[in-house]
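Here's the structure, in C-alpha cells; my notes come after.
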Amino acid sequence: MNRSKLMQKIEELSMNALPALQTQIYDGWVIRFADGYTKRANSINPIYLSNENVKKKILNCEQLYFARNDMAVYKITPQAKPIILDSVLEESGYVLEGKTSVQVLNLVETGSPNETNVIKYEHLHDDWFHHFCLLSNVNDHDQTILKKMLGNIIPKTCFMLLTDESGTVSASGMGVLEDKYIGLYNIITHENFRNQGYGAKIIRNLLHWGKENGAKNAYLQVIETNAPASCLYGKLGFEEKYKYWYRIKTKE
C-alpha cells in the first residue's frame, strides 16, 4: 500500500477507534464533537477532496466550535485537503501543537507472549474502565464522555489490564481491530511500575490478540516529545510512516 493510501486508511481507522459523540460531514471534511474530551475527537479532519473556498470553510467551522465555547482544532496530515490548508490556517492565527508520529508494525514475525497476570475483556468493562481512569487521572466529567465514546466503538475490541504478582494493576491498554489492522490505544503504565517491562508486555499481548483475530498489521500514535514511549515502540519493531499535528485557535 502506498503512503497516501496508508495515511487515509489509518486516519479512517483511528476515527472509528475513538468515535466522537457527534459527527458532521462538510465538503470532504469530517467534523467531530465530543464535549471537549481530547483534540482527536473534537477536531476537523480534512482527509477527503474539498471544493468550497477554503477560507470560507475555515470561518464556517470556527463558528461551529466557538458556538459551543470550544477551540477550533484541525488534525492535519501531509495530505490534508486542500494542500494549502496548513499554510492558510497558520496565516489565520492557528497555532501548531501536538506533533505526533504514526507508526506501523507488520505482525508476521510477532510471537506468543507471556500471558501470566493478563486480564482481557472483549467489551468495555467497568473494571478496566475504573483502572484506566485511575492510571490516566481522568476526571469525573471526562469519564462520563469517555465511557460513552468507548461504548460506541463498532469494530472488535480488546480491553486489557496487567497486574503484578500481588494482583495490583500495573498497566492498561486497548486494541481496536478493523480490516486486518489493530490499533493500540490508551497504553499506560502505573508510575511505580515503569521501566520494568510492563508496557512492552501489555503491547505484546494486545498484538497477539490482534493476530489471533486476523490482524496483519498494527498501528499506533505517539507524541514526538514522549521519548520513552518512542524508544519502546522502536524496540518492538514499529516504524514511523507519517506525522500529524494540530492547528488550534481559541475564541477571542
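The values are calculated or read from the model by the stated rules, or taken from the named source; none is laboratory data. Because the structure is predicted, anything quoted here is derived from the model rather than measured. All Cβ positions, glycine included, derive from the backbone under ideal geometry; neighbour counts span all protein chains shown. For accessibility, only protein heavy atoms count, side chains too; no ligands or nucleic acids. Shrake-Rupley method; radii C 1.70, N 1.55, O 1.52, S 1.80 Å.
Which shape class, rounded, prolate or oblate, goes with the range 59-144 when its Cα gyration tensor gives a ≥ b ≥ c as root eigenvalues, a/c under 1.5 marks rounded, and past that a/b bigger than b/c marks prolate?
Values: a/c = 3.48, a/b = 1.57, b/c = 2.22.
Here the range 59-144 falls in the oblate category.
Based on the Cβ-Cβ distance of LYS9 and LYS251, what FRET efficiency does E = 1/(1 + (r/R0)^6) give at R0 = 41 Å, to the nearest 0.05? Could you put the intermediate results ahead of the total?
On the way: r = 34 Å, r/R0 = 0.82.
Efficiency computed from Cβ-Cβ geometry: 0.75.
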Review point. Label-point separation (nm) for SER92 and ASN53, each offset 7 Å from Cα along Cα-to-Cβ?
Key: 1.2
Point to revise | Euclidean distance between Cα centres, the range 4-28 to the range 120-148, Å | key: 23
Exercise for review: Show that you can apply the helix-only estimate: for the chain, add -39,500 (n - 2.57) for every DSSP H stretch of four or more residues, divide by all residues, and state [θ] at 222 nm to the nearest 500.
Suggested key: -10000 deg cm²/dmol
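For a quick protection proxy, order the peptides 45-54, 87-96 by their average other-Cβ count within 10 Å, most packed first. The partial results should precede the final answer.
Numbers: 45-54: 16.6, 87-96: 14.4.
My ranking of the peptides, most packed first, is 45-54, 87-96.
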Point to revise | Within-10-Å neighbourhood charge of CYS133 [Cβ basis; K, R +1; D, E -1] | key: -1
Point to revise | For the range 1-157: lysine pairs under 16 Å (alpha-carbon distance), excluding those fewer than 8 apart on one chain | key: 11
Practice item. Under 18 Å from a label point 7 Å along Cα→Cβ of ARG194: give me every residue in the range 224-252 with its amide N that close. Key: 224-235
Review point. What fraction, in whole percent, of alpha-carbon pairs in the range 1-125 exceed 21 Å separation?
Key: 48
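Work out, step by step, the length gained on full extension between GLU224 and LYS120: first 0.36 nm times the residue separation, then minus their alpha carbon distance; give nm to one decimal.
On the way: separation 104, 0.36 × 104 = 37.44 nm, distance 2.92 nm.
Gain in length upon complete extension: 34.5 nm.
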Study note, to complete from the structure: Computed over the chain, the distribution of all Cα-Cα distances in 10 Å bins, rounded to whole %, is 7, 30, 36, 20, 7, 1, 0
**Study point:** Straight-distance crosslink candidates among aspartates and glutamates, where the alpha carbon sits under 13 Å from LYS243 and sequence neighbours closer than 8 are dropped
**Key:** GLU11, GLU97, GLU224
Review point. Sorted by packing (mean other beta-carbon atoms within 10 Å per residue), highest first, where do 219-226, 109-116 land?
Key: 219-226, 109-116
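Remind me, relative contact order of the chain in percent, using alpha carbon pairs under 8 angstrom and six or more residues apart?
27
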**Study point:** Loop trypsin sites (Lys or Arg not before Pro), the range 10-81, which have at most 14 other Cβ atoms in a 10 Å radius of their Cβ (DSSP)
**Key:** ARG68
Study note, to complete from the structure: So the angle from the long Cα axis of helix 3-17 to the longest Cα principal axis of the chain, reported in degrees to the nearest 10, equals 70
Check your understanding: Where a ≥ b ≥ c are the square roots of the eigenvalues of the C-alpha gyration tensor, would you call the range 3-55 rounded, which needs a/c under 1.5, or, failing that, prolate if a/b is larger than b/c, or oblate?
Key -> oblate
Check your understanding: What is the spin-label model distance, in nm, from CYS231 to ILE84 if the labels are put 7 Å beyond Cα along the C-beta direction?
Key -> 4.5
Practice item. Could you work out the local net charge near TYR181, counting Lys and Arg as +1, Asp and Glu as -1, over the other residues with Cβ closer than 14 Å to its Cβ? Key: +3
Study note, to complete from the structure: Candidates ALA218, ALA67, ALA41; GNM for the chain (alpha-carbon contacts under 10 Å) flags as most fluctuating ALA67
Practice item. First compute the accessible area of the range 6-45 with a 1.4 Å probe, then give the percent of it belonging to carbon and sulfur atoms. Key: 43
Check your understanding: Relative to the longest principal Cα axis of the chain, at what angle does helix 54-66 sit, 0 to 90 degrees, rounded to 10?
Key -> 60
**Study point:** Local electrostatic count, GLN22, Cβ distance below 13 Å [Lys/Arg +1, Asp/Glu -1]
**Key:** +1
